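The values are calculated or read from the model by the stated rules, or taken from the named source; none is laboratory data. Since the structure is predicted, the reported quantities are computational estimates derived from the model, not experimental observations. Positions of Cβ are backbone-derived with ideal geometry, glycine not excepted, and every protein chain shown enters the neighbour counts. In case anyone asks, the SASA skips ligands and DNA or RNA and just uses the protein heavy atoms, side chains included. Shrake-Rupley method; radii C 1.70, N 1.55, O 1.52, S 1.80 Å.
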Amino acid sequence: MFRYLILPVLAALQAAGQTQTELLNEAKDSVAAHDYAKAAEQFRSVIDSAAEPDVILDALRRLAAVSRLLAHPDEAEKALLRAAPIAARLHGDTSLDLASVLSDLSGSQRALRKQKEALLSLESALRMRELHPGEQLAEYATDLLRTSAIRIDMGETGPAKDLLTRAVGACEKALPPESAQCTGILDALAGVIRDRSEYSEAEPLYVRLLRLREAAFGADSAELISTLDSLSYVLFGLKRYDDAQPVYERLLALWEVSAGGDHPMIALTLDKMAEFFAAQDRYAEAEPLVARAAAMRTKGLIESLKRSGRIQAAASKPEEAADLYRRAMLLADENKLADSVVDPILRAYAGVLRDLDRGTEAEAIEQRIAAILARRVEREGRREAPVPAEK
């Protein structure tokens, strides 16, 4: 008799379990389709209807993940705060599963600017991971890295340095040293040491990092730029000028190849090199670098003024456009820029002046345009085709 009574109950429970599994899978499909809002609702339905703690835990963690993708860190925090005690009951209060939940929780807390809470979550996760030596070392390294970032935000670079040193060791036991995770941690450690002006410690780390990135990306890759920049800075700080100069030159060459000759970072690199030469009283080498950087910035400002002028003209604001073109022209004249730079400014300026019925000013600008044209014809050895005279 009891057997006949219990079978329908078991069947109902099994059907309910299948429904939860199906709904959970549908939610995962929504995530794969990047429909995060739909996935969040589906995960909530699983959480509300599920009876099995492991299903609820899985759904809560997945809900937290899509909540972060939806830029709702507060919802992610709520889900993970609910998930943590479930993970503790299922897997133990010193388990790696709970450590993983707390690590995720810290990310949401940081996004909410709850630095102290995030630090407590991470430190708890680290204590749990340290009870499982040799396991999940990559995740352990990540938690050390995240903890160091909070310490740096708090101005505690000494503890951050210790955390990152441990993180490098853990990462390189779990992953190849040239992996993105390990080089990222090594870069963070070198940066902390550099910013503490501990240049003699930072230099071998940057040399090592450079070799790893050269092996991974090639000697001419733009991926080396940040490492070369920091290495040159450290060698400069150590007054190892002969070692620093080829690093600066390589840095400049990589910027020129990867970003083009007018990129603002090239001007900044020229400034750094000028400071480097000036520190050695090598002013003759510093001066052309400063001049080149200034010319690049001037050209960039002129381009910005021209762009703004075009926008104002398109917006039917000719007075504002004329002023912008005038400023661009004066700046070009002051810096004695080439005709090829000046000519398009003058043409745009003359057109706006004509639109404003400022004919006298427009004629003066047009005369300059004609003079530029004459110089170009003379330089290139050509003459414009004659215009037939009217009969």
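Tell me, please, whether a residue that is under 27 Å from the mean Cα position of the chain (by Cα), small (G, A, S) and not in a helix (DSSP H, G or I) can be found in region 236-251.
no
Would you confirm, using the coordinates I've provided, whether R354 is in contact with a helix residue (DSSP H, G or I) (Cβ under 7 Å, 6 or more places away or on another chain) and charged (D, E, K, R)?
On the way: in contact with a helix residue (DSSP H, G or I) (Cβ under 7 Å, 6 or more places away or on another chain): yes; charged (D, E, K, R): yes.
Criteria met by R354.
Looking at the structure I just gave you, is R62 out of contact with any Cys (no Cβ under 7 Å at 6 or more places or on another chain) and surrounded by fewer than 19 Cβ atoms within 10 Å (Cβ to Cβ)?
On the way: out of contact with any Cys (no Cβ under 7 Å at 6 or more places or on another chain): yes; surrounded by fewer than 19 Cβ atoms within 10 Å (Cβ to Cβ): no.
Considered against the rule, which asks whether it is out of contact with any Cys (no Cβ under 7 Å at 6 or more places or on another chain) and surrounded by fewer than 19 Cβ atoms within 10 Å (Cβ to Cβ), R62 comes out as no.
Here are some conditions: (1) farther than 24 Å from V192 by Cβ; (2) at pLDDT 95 or above. R292 meets all but one. Which one does it not meet?
So the condition that R292 fails would be (2).
Looking only at region 227-270, which residues are within 14 Å of L289 (Cβ to Cβ), surrounded by fewer than 20 Cβ atoms within 10 Å (Cβ to Cβ) and of a type in the set (S, T, N, Q)?
The answer is Q245, and nothing else.
Filter region 200-226 for residues that are open to solvent by less than 40 Å² (accessible area, probe 1.4 Å) and not acidic (D, E) and give the result.
A202, L205, Y206, L209, L210, L212, R213, G218, S221, L224, I225
Let's see how each residue does on (1) open to solvent by 30 Å² or more (accessible area, probe 1.4 Å); (2) of a type in the set (F, W, Y); (3) outside any helix (DSSP H, G or I):
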site: L119; (1), (2), (3): no, no, no
site: E135; (1), (2), (3): yes, no, yes
site: E139; (1), (2), (3): yes, no, no
site: S148; (1), (2), (3): no, no, no
site: A160; (1), (2), (3): no, no, no
site: L164; (1), (2), (3): no, no, no
site: G169; (1), (2), (3): yes, no, no
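Specify the residue that is farthest from K78 (Cα to Cα); the eligible residues are those in region 102-116 that are under 21 Å from the mean Cα position of the chain (by Cα) and assigned to a loop (DSSP other than H, G, I, E, B).
That would be R113.
Could you give me the residue pairs with C-beta distances under 9 Å whose first residue belongs to region 368-380 and is under 20 Å from A348 (Cβ atoms), whose second residue is open to solvent by 90 Å² or more (accessible area, probe 1.4 Å) and assigned to a helix (DSSP H, G or I) wherever it lies, and which are 6+ apart or on separate chains?
From residues that are under 20 Å from A348 (Cβ atoms), the pairs are I369/R347; I372/S340; R376/S340.
Return the total of residues in region 215-247 being at pLDDT below 95 and either under 24 Å from A286 (Cβ atoms) or touching a strand residue (DSSP E or B) at 6+ places or on another chain (Cβ under 9 Å) (or both).
0
Among the residues of region 171-183, write down those that are touching a helix residue (DSSP H, G or I) at 6+ places or on another chain (Cβ under 8 Å), part of a helix (DSSP H, G or I) and not basic (K, R).
Taking region 171-183 and keeping what is touching a helix residue (DSSP H, G or I) at 6+ places or on another chain (Cβ under 8 Å), we get 171-179, 181-183.
Checking which are part of a helix (DSSP H, G or I) leaves us with 171-174, 181-183.
Of everything in region 171-183, those that are touching a helix residue (DSSP H, G or I) at 6+ places or on another chain (Cβ under 8 Å), part of a helix (DSSP H, G or I) and not basic (K, R) turn out to be C171, E172, A174, Q181, C182, T183.
All but one of (1) among the small types (G, A, S); (2) under 28 Å from M154 (Cβ atoms); (3) in a helix (DSSP H, G or I) hold for A71, so report the exception by its number.
(3)
Each row is one residue, and each column tells you yes or no for (1) in contact with a strand residue (DSSP E or B) (Cβ under 7 Å, 6 or more places away or on another chain); (2) within 20 Å of R89 (Cβ to Cβ); (3) of a type in the set (D, E, K, R).
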| position | (1), (2), (3) |
| --- | --- |
| Q20 | no, yes, no |
| L23 | no, no, no |
| K38 | no, no, yes |
| E41 | no, no, yes |
| E52 | no, yes, yes |
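Just to check your reading of the model, which residue among E178, E156 is at pLDDT below 95 and either within 21 Å of the chain's Cα centre (by Cα) or not hydroxyl-bearing (S, T, Y) (or both)?
On the way: E156 fails: at pLDDT below 95.
So the residue among E178, E156 that is at pLDDT below 95 and either within 21 Å of the chain's Cα centre (by Cα) or not hydroxyl-bearing (S, T, Y) (or both) is E178.
On the basis of being in contact (Cβ under 8 Å) with a residue 24 or more places away in the chain and either polar (S, T, N, Q) or more than 30 Å from A167 (Cβ to Cβ) (or both), does S45 make the cut? Outline the logic, then answer.
Working: in contact (Cβ under 8 Å) with a residue 24 or more places away in the chain: no; either polar (S, T, N, Q) or more than 30 Å from A167 (Cβ to Cβ) (or both): yes.
Here the answer is no, as S45 does not meet what is asked.
Would you kindly identify the helices (runs of 4 or more DSSP H) lying entirely within region 291-380 that contain at least 3 residues that are exposed (fewer than 14 other Cβ atoms within 10 Å of the Cβ) and charged (D, E, K, R)?
Because the criterion is at least 3 residues that are exposed (fewer than 14 other Cβ atoms within 10 Å of the Cβ) and charged (D, E, K, R), the helices (runs of 4 or more DSSP H) in region 291-380 that meet it are 318-334, 359-380.
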